[in-house]
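We did not get these values from a lab; they are worked out from the coordinates using the rules stated. Predicted model only: the values in this text are computed from it and were never measured. Here Cβ is always computed from backbone atoms with ideal geometry, including for glycine, and neighbour counts include all displayed protein chains.
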Amino acid sequence: MKSIKIFLVFFAVVFFTGQETFAQRYGSSKQYWSVGASLNLLNYFGDLVPQTGMMSTDFSKSGLGLGIVANRKLNSMVSARFGLSYGAIKGDDFASDFSDTQNGGYGRYKRNLHFRNRLIELNGGIVIDFFKNNSYYYKRTSIPTPYVTLGLSALYSNPQAVTPESFGGTWVNLQPLQTEGKAYSKMALAIPFGGGVKFKASSNIDIAVEVGLRYALTDYLDDVSDSYPTNMSDMSDLAKAMSNRSTETKAMMTGGIRDTGAVSTAPIESKAGKGRGGSANDMYLVTSFSVNYIIGSSRYASKYRRR
């Protein structure tokens, strides 16, 4: 709830301050609302990717998402944006190369962790066009218009994984299990930024292609952050099993059989305090294809007001 409150305060300040300031300079009759929907492709960057590196991802694990958005044109170049989206991210150590000892593939394959997460994102911010339109919406340029975005998002995150066969091989929520012996919230903030290009399809319709990165202010979108728990006395058998997957012969997300040389016989107690992941926050990339409808007054009404 704290994340939602911070987000709402941020958007209120951006929107209402900008609305008042820009309306005086730009003319309220030229401001307008638009609403739209998007089809999104999500790619995850975090601890459960095939190779070491901040920008490493597994494109075969791309997830789909949907979004709705409302924009308020504030002046000739700036709009306020408010959106809600749903999308999936996932990762699996089984996709790593067991023979890769240079880029982390060997260690990841042996670790044998996986996850999926269905994210709900509430976001707000600003959109800055590269081309000005000092007139009414229907006179905006027909030339494709590049733009950049910056804002703040509130995320609902609920990472899940498939249990070992001895526990039924079913999807379970990981956050309550505290697989690293640490509590974290399902709510988190993220900083979205990116850019795109929009095209004027008609006087009231724009279509756009946008690529935006979400930098999450958490390292637990994948339930992997730091180290194996040091105190395991209070952990359930399921929590221990979900924390250490290196002893399993099967990769439960795909059902693939693991290389026998990667299967460990060491119990989780031998891993206490040892590294399980990295400390860098998680990120995900959102590639969006959207259609936006401009809610503006008619050309005739606009002409009449100018007389």
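Say R0 is 45 Å: what FRET efficiency, to the nearest 0.05, do PHE199 and THR170 get from their beta-carbon distance?
Numbers: r = 45 Å, r/R0 = 1.01.
According to the calculation, E is roughly 0.50.
Give me the extension gain from ASN158 to SER135: residue separation times 0.36 nm, minus the current Cα-Cα distance, reported in nm with one decimal.
Using 0.36 nm per residue and subtracting the Cα-Cα distance, I get 3.7 nm.
Could you put THR170, THR163 in order, starting from the residue whose Cβ has the fewest other Cβ atoms within 10 Å? Intermediate values should be presented prior to the final figure.
Details: THR170 9, THR163 16.
The fewest-first ordering by Cβ neighbours comes to THR170, THR163.
Using each residue's phi in region 124-135, evaluate 6.51 cos²θ - 1.76 cosθ + 1.60 at θ = phi - 60° and report the 3J(HN,Hα) Karplus result to the nearest Hz, with x for Gly and Pro.
Karplus-based 3J(HN,Hα) across region 124-135 equals x, x, 10, 10, 10, 6, 7, 10, 7, 9, 8, 10 Hz.
With the calculation restricted to Cα positions, what are the radius of gyration and Dmax of region 2-306 in angstrom?
23.4, 81
Return one number: the angle in degrees, 0 to 90 and rounded to the nearest 10, between the long axis of the Cα atoms of helix 2-26 and the longest principal axis of the Cα atoms of the chain.
20
Test of understanding: in a Gaussian network model of the chain with alpha carbons linked when under 10 Å, which of TYR184, TYR44, TYR215 would top the mean-square fluctuation ranking?
TYR184
Name the long-range amide H neighbours of ASP58: under 5 Å, sequence gap of 5 or more, or other chain; modelled H, no Pro or chain starts.
TYR44
Label points 7 Å out from Cα along the Cβ direction at VAL78 and SER227: separation in nm?
4.7
Using the Cα atoms of region 148-307, I'd like the radius of gyration and the largest Cα-Cα distance, Dmax, both in angstrom.
For region 148-307, the Cα radius of gyration and maximum Cα-Cα distance read 23.8, 84 Å.
Given a cut-off of under 8 Å on Cα pairs at least six residues apart, what relative contact order in percent is computed for the chain?
21
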